[in-house]
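Contents: one structure, followed by commentary.
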Amino acid sequence: MALPSAPRIRLPKGWPGHIGEAILHVISLAQFALAQVRGRASCRLDARIRLAAQCDRLQQEVALLHEELRIKDARMARIEPRNRPHYPAQERLAILMLRSARGWSLEQTARTFLVTKATIAHWNRRLREGGADELIKVPEPANKFPDFVRYSVQRLKTLCPSLGKVKIADILCRAGLHLAASTVGRIVNEKLAPPPTDDIVAPAEKSKRSTGKVVVAADHPNHVWHVDLTSGS
């Protein structure tokens with residue numbers, strides 16, 4: 001006995017032209033439904049249900065971040081390698097930090113940040129041989145020791161979120177930085193400092209752009225000399 005065929009659904013006229021918009025509406029409805037379910041689960045007394053809802057939300061957030069990075073990487077990959085913008089010195093050090101936290105190889109790091117393995121190896125070699133220089137360096141601090149400690153603590157917490165303030169203090173103590181756990185907790189809760197820009201313009205050049213006049217500034221003793229050529233009446 002032949003099975004009855006499935007009913008044929010009649011599609012609206014001009015349906016292919018509305019597929020994109022329909023997909024957006026479907027995704028919006030699905031997100032609304034998920035938000036409703038997670039909101040109800042977060043109010044349940046059972047801790048397992050609340051944790052399951054939180055885990056589901058974090059899994060979706062990770063998936064969305066991966067899609068966001070894929071779109072950005074695809075845009076950058078369409079640019080010729082020689083025309084791509086270079087990473088500034090601070091971002092190079094941040095890439096090496098992320099590589100250490102992830103345990104990536106040279107090839108994985110290069111593929112993630114759209115550079116060559118030789119470039120990552122060169123950064124590592126420069127950092128190992130000469131420390132932080134103009135190629136790889138931390139943000140220039142105003143007060144060196146406190147700002148460097150603050151930067152180190154915040155980067156540790158960013159790259160290793162599971163570390164507590166006591167563990168971070170122990171790790172820094174091994175590196176020669178003695179901080180109390182309460183100090184680490186205060187630094188972690190501080191607002192992250194904005195990354196420095198690479199558009200560094202000399203003070204004289206800034207004054208010239210703003211006023212149209214060249215202002216001579218001495219950077220060290222005997223750098224600028226002034227001679228008065230006027231004669232008395």
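The values are calculated or read from the model by the stated rules, or taken from the named source; none is laboratory data. It should be emphasised that the depicted structure is a prediction, and the values quoted were computed from it without experimental measurement. In this analysis, Cβ positions are derived from the backbone assuming ideal geometry, glycine residues included, and neighbour counts consider all displayed protein chains.
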>> So, restricting to helices (runs of 4 or more DSSP H) that lie completely within segment 145-233, which ones have at least 3 residues that are modelled with pLDDT of 70 or more?
In response: 165-174, 181-189
> Restricting the first residue to segment 139-163 and requiring it to be exposed (fewer than 14 other Cβ atoms within 10 Å of the Cβ), which pairs with a second residue that is at pLDDT 80 or above and assigned to a helix (DSSP H, G or I) meet a Cβ separation below 7 Å and a spacing of at least six or different chains?
Replying inline: C160/A101
>> I'd like the full set of residues that are surrounded by 14 or more Cβ atoms within 10 Å (Cβ to Cβ) and of a type in the set (A, V, I, L, M), limited to segment 164-178.
In response: I168, A169, I171, L172, L177
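Considering only segment 42-49, I want to know if a residue exists there that is more than 22 Å from the chain's Cα centre (by Cα), outside any loop (DSSP other than H, G, I, E, B) and surrounded by 10 or more Cβ atoms within 10 Å (Cβ to Cβ).
yes
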>> Against the definition (out of contact with any Leu (no Cβ under 7 Å at 6 or more places or on another chain), outside the structural domain of H122 (by TED's automatic domain parsing) and at pLDDT below 90), how does R70 come out, yes or no?
In response: no
> Can you tell which of R44, R38 is charged (D, E, K, R), modelled with pLDDT of 75 or more, in the same structural domain as E61 (by TED's automatic domain parsing) and under 20 Å from E61 (Cα atoms)?
Replying inline: R38
>> Pull out all pairs, ordered by first then second residue, where Cβ-Cβ is under 9 Å, the residues are six or more apart or on different chains, the first lies in segment 61-76 and is part of a helix (DSSP H, G or I), and the second is surrounded by 10 or more Cβ atoms within 10 Å (Cβ to Cβ) and of a type in the set (V, I, T).
In response: L69/T112; D73/T112
> Hey, among R128, R84, which residue is of a type in the set (D, E, K, R), over 30 Å from G185 (Cα atoms), at pLDDT below 85 and surrounded by fewer than 16 Cβ atoms within 10 Å (Cβ to Cβ)?
Replying inline: R128
>> Considering only residues that are over 24 Å from the mean Cα position of the chain (by Cα) and of a type outside the set (D, E, K, R), which ones fall in segment 170-187?
In response: C173, A175, G176, L177, H178, L179, A180, A181, S182, T183
